[in-house]
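Report on the following structure.
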Amino acid sequence: MNSPFTRLIGQPQAVELLTQAVQKQRIAPAYLFVGSPGIGRSLAARCWIELIFRQTQKSNHSSQSLSQRIVDRTHPDLFWVEPTYTYQGKRLSQQELQAAGLKRKSAPQIRLDQIREVSQFLSRSPLEAQRLIVVLEDAETMAESAANGLLKTLEEPGRATLILIAPSPEALLPTLVSRCARIPFYRLSETDLTKVLQRTGSEVVLQRPEILAMAQGSPGQAMIHWQQLQAIATQTPEFLQRLDPLPQTLRSALELGRDISQQFDLEAQLWLVDYLQQQVWQRQPDFDTPIFLHHLEQARQQLRNHVQPRLIWECLFLSLNPLGV
């Protein structure tokens, strides 16, 4: 029987560590899958869960149906948590928000009530497998109260394993990290990146070197960048041409800042910061590059902290030195 990990490209160390844990029956109560977004952390989690459930399954479900139930998150012994938004008192996933046609005005979070649901899930015995498994995707988005609540759960997980997925250990509370076995994931080589994009039918991305440069070895990020580029091109054709060259007068800086804040949601604005950063690195314009990159990082943090977007963009473009009148 083929290993579920055949679907994962470019993470041999993670595959070896996870496979050995199952073969030696030394599965820890908690794991931290750490690495950049889009390089296979979530796929590795699904593959590993399938491997665990396949060896401990009590019922006679086929491997194919088992794999699909993990993907669909319908297996009774699996609980998958992802960041959510709130709208009119309701909690919405990213897919639900998009389906409702709502704009994202703030970043998503893993909330305290979601951690309470994890505790409720772990309070029962497994139904089909020999252990319960909980996955917390983008664990770095946990609110402080949620992180403290999870800490209590990690102290006594029972017959369960928790998988936290985060970009770095520093993104989580040290007390959470100390309770997890760390599984490192690395950015893919150019060859592996190409394989993933071809396997997923995303070869068109390979024709955009600026998108590949922004992705930095992450096929998931490459596809997200491509989708965002297409969305902006569809919404406002030729808009990106207004960023090349960057505004050099007071009036053009204020106008561009106003238009970005009015025309694009938070996710698109964060993408524009990444796009500008890559353009600066590639073209090395005449103004002070390190200072402008510092301003770009400030803009990214301010957008995530809900500062008024128009003010952020105006200050960013006015930071160019010198500015004409």
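The values are calculated or read from the model by the stated rules, or taken from the named source; none is laboratory data. Remember, predicted model here, so these are calculated numbers, not experimental data. We place every Cβ from the backbone using ideal geometry, glycine too, and count neighbours over all the protein chains shown.
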*asked:* Can you go through G201, G217 and tell me which one is over 18 Å from A268 (Cβ atoms) and touching a Lys or Arg at 6+ places or on another chain (Cβ under 7 Å)?
replied: G217
_Of all residues in the range 99-120 being of a type outside the set (G, A, S) and either at positive phi or part of a loop (DSSP other than H, G, I, E, B) (or both), the one that is surrounded by the most Cβ atoms within 10 Å (Cβ to Cβ)_ = R111
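Taking the stated definitions as given, is S67 surrounded by 13 or more Cβ atoms within 10 Å (Cβ to Cβ) and either more than 18 Å from the chain's Cα centre (by Cα) or aromatic (F, W, Y) (or both)?
So S67 fits the description; yes.
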*Give the range 193-235 a look and list any residue that's of a type in the set (G, A, S), assigned to a helix (DSSP H, G or I), in contact (Cβ under 8 Å) with a residue 12 or more places away in the chain and in contact with a Leu (Cβ under 8 Å, 6 or more places away or on another chain), or say none.*
A215, A222
_Go through the range 239-264 and report how many residues are assigned to a loop (DSSP other than H, G, I, E, B) and more than 28 Å from the chain's Cα centre (by Cα)._
5
*Candidates R304, R310, R283, R300, filtered to the one that is of a type outside the set (D, E), at pLDDT 80 or above, assigned by TED's automatic domain parsing to the domain that holds A233 and loosely packed, with under 15 Cβ neighbours inside 10 Å*: R304
*Test result for S123, surrounded by fewer than 14 Cβ atoms within 10 Å (Cβ to Cβ), in the same structural domain as A45 (by TED's automatic domain parsing) and more than 25 Å from D265 (Cβ to Cβ)*: yes
_Selection within the range 1-30 - more than 25 Å from S189 (Cβ to Cβ) and loosely packed, with under 11 Cβ neighbours inside 10 Å_ = M1, Q23, K24, Q25, R26
*Determine whether E170 is farther than 23 Å from L18 by Cα, out of contact with any Lys or Arg (no Cβ under 9 Å at 6 or more places or on another chain) and of a type outside the set (A, V, I, L, M, F, W, C).*
no
*asked:* List the residue pairs whose Cβ atoms are under 8 Å apart, where the first residue sits in the range 148-164 and is farther than 14 Å from R131 by Cα, the second is charged (D, E, K, R), and the two are 6 or more positions apart or on different chains.
replied: G149/R116; L151/R179; L154/R179; E155/R179
*Would you check which residues across the range 31-41 are touching a Lys or Arg at 6+ places or on another chain (Cβ under 9 Å) and surrounded by fewer than 21 Cβ atoms within 10 Å (Cβ to Cβ) and list them?*
S36
*From the residues in the range 145-187 that are part of a loop (DSSP other than H, G, I, E, B) and among the charged types (D, E, K, R), which one is farthest from G10 (Cα to Cα)?*
E156
*aliphatic (A, V, I, L, M), surrounded by fewer than 19 Cβ atoms within 10 Å (Cβ to Cβ), assigned by TED's automatic domain parsing to the domain that holds R199 and modelled with pLDDT of 90 or more - does that describe any residue in the range 234-251?*
no
_touching a Lys or Arg at 6+ places or on another chain (Cβ under 7 Å) and assigned by TED's automatic domain parsing to the domain that holds Q25: which single residue out of I133, I165, I110 fits that description?_
I165
*Any chance you could count how many residues in the range 70-98 are surrounded by 17 or more Cβ atoms within 10 Å (Cβ to Cβ), of a type in the set (A, V, I, L, M) and closer than 22 Å to C47 by Cα?*
3
_Just to be sure I understand, how many residues within the range 237-246 are free of Cβ contacts under 8 Å to residues at least 60 places away in the same chain and in contact with a Phe, Trp or Tyr (Cβ under 8 Å, 6 or more places away or on another chain)?_
2
